[in-house]
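Heads up: the structure comes next, in structure tokens.
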Amino acid sequence: MTHLTDHDLEQLSAYLDGELGPSQMAEIEARLQADPVLQRTLAQLSWMTASLKSLPAHRAPRRYRLTPEMVGQRARTWRVPALRLATGAVAMALAAVIGLDFLGSAGGVSLASAPQAFQAPAVAQDSSRAAQSMTEKTEEETQPAVGAEAGAAAGTPFADSLRASGSPSGANSSLPLETPPVALAAPAMSATESAPRLTPSPAPAPLSQDAAQTAGGQISSRAGVLRWSEILLGAGLFLLLAVQIMNRR
Amino acid sequence: MDEPGLIEDAQRGDLEAFNSLILTYQDQVYNLAYRILGDPLAADDAAQEAFISAYKGLRRYRGGSFRSWLLRIVTNACYDELRRRKRRPEIGMEDLNPLDDPEEADASGVLMTDVGDPESEAQQAELARALEDCLSGLPDEFRLVAVLVDVQGHDYQEASQVLGKPLGTIKSRLARARLRMRDCLQAHWELLPAAFRLEDEAM
């Protein structure tokens, strides 16, 4: 054989490195025994690879010691805990606000009933006004009867005044038990003076309405603040989590 | 050295653990970069860049030979440098070989293996220069395989992992690289042993 093909060279090169399978190795060894060109080429390659392996190694000119600045770790060392802390704080704040909101809605039974309780005197006031206009029309006719009733009421204890308040006029018929005693006491006190004053004094009723409006307004504004806080804190938490995920990448 | 433990620590962000790994492999990494690029400064930059890339990409390491993984990163860094050079060919590979200048060679951190008599030492240095010249004249894809297998002594499997090429490609590129090296060395016939000269005489 005088000419080596690419395949011959590949086989010879792999044989030199011990990278041939048993059958291929046996084949090339058989050819080597019979082919002087193949033998010489193997000798050349063998000498060359040995020479390349003995080339002097190059020592690293310095120690490649990485610092946090090189890998951008310093920024992370404070940024990651700061982000985690902020996320935790926002999550806790959100939980607290949700808790407050929940408590508000759970206590909303009493809170919600409060406006109704406050509205009751208002309703009572409306019916008392209607009753007042009726009593004014028949003031002279009914005066003795009312006076007698008032006189009877004047002598009764507080429970009796309650019964008196359940008079046909219906002025205080819808008053709940929570109605402030002041509102209840007013007719009883006025009843001792004169018949026209038997009707509930307008002073306590407007006070109750104002209180109802104020309390209702406070509740709705408080609920609004809570809702906005929940939205803002939720958005903040979402952003912080997104930043953390981005940071990890 | 508990290499798997150090790798795990480094993956958790322990820079000191990674620095211990660097200490183990820095000569191999630098040497490979130097052999591919033929320039000590470029090799230094490539090694540094490779270690930084390796640390930042440590999460992508999924076991196997850490050395192969690291050498693959430095090989890629060298490829990038070679591509940059091709875009801006300012300095030829042959101009960068510090072994051309004995003083520069001494300063480049060459680990001379054995010290014999001055004549033999000079001959060895000449041969080393000839080999390095021929090696640097090889096309990039052939040089990389020759450096990994013939200079650094990796087997085909590891060369395949480092270069991300199939075993068959490694085998054929290496054979071609060796053939070219052999032909190149004919220009330095005075340094060659009898086997080479015999061929000259035969031809």
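The values are calculated or read from the model by the stated rules, or taken from the named source; none is laboratory data. From a predicted model like this one, the values you see are computed outputs, not experimental measurements. Glycine gets a Cβ as well: all are built from the backbone with ideal geometry, and neighbour counts include every protein chain shown. Heavy atoms of the whole protein, side chains included, go into the accessibility calculation; ligands, DNA and RNA do not. Shrake-Rupley method; radii C 1.70, N 1.55, O 1.52, S 1.80 Å.
Points to keep in mind about this one:
- Looking across B:D95, B:D155, one residue alone is at pLDDT below 85, surrounded by fewer than 17 Cβ atoms within 10 Å (Cβ to Cβ), among the charged types (D, E, K, R) and more than 30 Å from B:G13 (Cα to Cα). It is B:D95.
- Selection within region B:13-32 - farther than 19 Å from B:S136 by Cα, assigned to a helix (DSSP H, G or I) and not β-branched (V, I, T): B:L15, B:E16, B:A17, B:F18, B:N19, B:S20, B:L21, B:L23, B:Y25, B:Q26, B:D27
- Of residues in region B:1-32 being closer than 17 Å to B:V147 by Cα and open to solvent by 40 Å² or more (accessible area, probe 1.4 Å), the one nearest to the other protein chains (Cβ to nearest Cβ): B:D27
- Residue in region A:31-54 that is without any contact (Cβ under 8 Å) to a residue 40 or more places away in the chain, part of a loop (DSSP other than H, G, I, E, B) and within 13 Å of another protein chain (Cβ to nearest Cβ) present: yes
- Of all residues in region A:202-240, those satisfying the criterion of being over 19 Å from A:F102 (Cα atoms), part of a helix (DSSP H, G or I) and modelled with pLDDT under 80 are A:P204, A:A205, A:P206, A:L207, A:S208, A:Q209, A:D210, A:A211, A:A212, A:Q213, A:T214.
- Within region B:147-180, restricting attention to residues that are within 19 Å of A:H58 (Cβ to Cβ) and in a helix (DSSP H, G or I), the residue that is farthest from the other protein chains (Cβ to nearest Cβ) is B:V162.
- Annotation: A:V97 fulfils all but one of (1) in contact with an Asp or Glu (Cβ under 9 Å, 6 or more places away or on another chain); (2) within 12 Å of chain B (Cβ to nearest Cβ); (3) in a helix (DSSP H, G or I); (4) more than 26 Å from B:S172 (Cα to Cα); the unmet one is (2).
- Qualifying residues in region B:33-48 (those that are part of a helix (DSSP H, G or I) and more than 10 Å from chain A (Cβ to nearest Cβ)) - the one farthest from the chain's Cα centre (by Cα): B:D45
Let's see how each residue does on (1) over 23 Å from B:L37 (Cα atoms); (2) modelled with pLDDT of 90 or more; (3) open to solvent by less than 80 Å² (accessible area, probe 1.4 Å):
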| site | (1), (2), (3) |
| --- | --- |
| A:L52 | no, yes, yes |
| A:A57 | no, no, yes |
| A:E69 | yes, no, no |
| A:Q73 | yes, no, yes |
| A:T77 | yes, no, no |
| A:P81 | yes, no, yes |
| A:L85 | yes, no, no |
| A:M92 | yes, yes, no |
| A:A95 | yes, yes, yes |
